[in-house]
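To start, the structure itself, in structure tokens.
Values quoted throughout were computed directly from the atomic coordinates according to the rules given, and no laboratory measurement underlies them. No experiment lies behind these values; they were computed from the predicted model shown. All Cβ positions, even for glycine, are placed from backbone atoms using ideal geometry, and neighbour counts span all protein chains on display.
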Amino acid sequence: MTQWMYYLSRSTGIVALLLIVASLLWGFLFSSRATGKRLRPNWWLDLHNWLGGLALVFTGLHLATVWLNSDSGIGLVQIFVPQTATFNAWAITWGVIATYVMAAAVFTTWPRRWKNRRWWRVVHVSTVAGTALAFLHSYQSGSDASQTWFQALLVVAAGIATYGLGLRLSTLRRAD
Amino acid sequence: MDSDPLIRKQLDAELAARLQRVTARTSRTTPPTAPPTNRPAPSARTTSPRIASSPPPPPPPGAGPARKKRRHPARHSRSAALALSFVTTTGLAYAFAATNNSASATITAPAGLVGSSQPVAAAATTAAPNTTAPAATTAPTTAPATTAPATTAPPATPTVVNGASVRNRYGNVQVQATFAADGTLTNVDVLEAPSRDGQSVQINNYAVPRLNSEALTAQSANVNTISGATYTSIGYAQSLQSAIDVARANGLTAIS
């Protein structure tokens, strides 16, 4: 049981990271109006929202399986309070902060978007930093961080996220 | 407005014909079970009894035919993303389980007896499986070799057996197991563990006591992989298993 929790904590963490990147990309494509003509913009927005929520769900599963893995040495305090882990303290701290950022982005949009658009935007933009922290967390504390396939996955995912960010920034400049 | 009644009648007739055309078109595009809507009251111009009894007027100009609003335009993609996420999670978990069972580790030094107060068969030092290097027995054995280790009398005092040194990508892992006179595993010490950087030391400081505790509780090398110390855990289990194999081959223990 404990061993399976260990495997599941790794797999849910990886899937959560991929969902975060996918949600980020969909958001960038939508906000930079680079969605093409085949699908309507509301399709992109709908999937972006869904992927963001799904990423948070899988992050929750990741936390639950880490907690249920009695060998992980991570309890509820370590999950919610940064810098309380006995080892890999910084790596786990990045994950805790990233989780808070993602949760804030999701819950300021769902079930109803914040009326204060400016603050909603600040929270939403902070997910870029949250994604970077999630990458750092997976690279520093992941059991698979030394594996070539995982490093390649991180590079590809980071490349996709950077492409989306670049696209969004280029449209910002055009708007100016 | 005092207009000619003839003109007014003609206008009403035109309006009525137009309304009928629009109504017919709307009824083709709207399901018959559509819920009733609050339509605007007939305008003052449509005052003829014929028009008043006709179906309600269409929506304002510019509005298309009534269409059911799609709540989730990407609902199929949502389902696909959900299914893909769960399938990937399950697949990865199974892949991790499979690779954990066949983790690559190399035995760089075989297991061997270290010593006990009782003479132990020398043949025990060559009993470790998968050995690639010469025997690592550090304590001299005084009894003559025997080909039947099972018949060797177990020692009355604890016996120490070194496990094989197992190399992984971070360094070597080697344990030393102590067996009591009754064959139980009483202690496990880690002789060697990856320590090339501070993080490895930190991880081992956390993982090794847990592995020791698990091994003593389980009385076997079947220990769970410690999160964040995967390679150390695997090396630990393999090294301990080799020590147990040597001890069993010498009749020191019955555990497997």
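Label sites at B:SER27 and A:TRP90, each approximated as a point 7 angstrom past Cα along Cα to Cβ, lie 7.6 nm apart.
Quick check: residue separation of A:ARG33 and A:TRP67 times 0.36 nm, minus the Cα distance between them. What number comes out in nm?
Difference between extended and current length: 8.2 nm.
Placing +1 on the Cβ of every Lys and Arg and -1 on the Cβ of every Asp and Glu, with no other charges, gives segment A:2-175 a dipole of roughly 1260 debye about its Cα centre.
Taking the Cβ of A:ASN49 as the center, what net charge do the other residues with Cβ under 13 Å away carry, scoring Lys and Arg +1 and Asp and Glu -1?
Working: positive: A:ARG112, A:ARG113, B:ARG71, B:ARG75, B:ARG78; negative: A:ASP46.
Once all neighbours under 13 Å are counted, the net charge is +4.
Ordering A:LEU24, A:SER11, A:LEU76 by the projection of their Cα atoms onto the charge dipole of segment A:2-175, which places +1 on the Cβ of Lys and Arg and -1 on the Cβ of Asp and Glu, puts A:LEU24 at the extreme positive end.
Near B:GLY163: Cβ cut-off under 11 Å, other residues only, Lys/Arg at +1 and Asp/Glu at -1. The net charge is -3.
Across the alpha-carbon atoms of segment B:197-252, the computed radius of gyration and Dmax are 12.2, 40 angstrom. In order along segment A:121-126, phi translates into HN-Hα couplings of 5, 4, 4, 5, 5, 5 Hz, rounded to whole numbers, per the Karplus curve 6.51 cos²θ - 1.76 cosθ + 1.60 with θ = phi - 60° and x for Gly and Pro. With respect to chain A, whose longest principal axis is taken over its alpha-carbon atoms, helix A:89-107 is tilted by about 40°. The long axis of helix A:41-68 is offset from the longest Cα principal axis of chain A by roughly 10 degrees. Taking Cα atoms only, the orientation of helix A:2-31 departs from the longest principal axis of chain A by about 10 degrees.
Proximity of backbone amide H atoms, modeled 1.01 Å from N, is registered between B:ASN172 and no other residue at under 5 Å, excluding neighbours fewer than 5 places apart on the same chain. Dipole of segment A:2-175 computed with +1 at Lys/Arg Cβ and -1 at Asp/Glu Cβ about the Cα centre; of A:GLY130, A:TRP110, A:GLY36, farthest Cα towards the positive end is A:GLY36.
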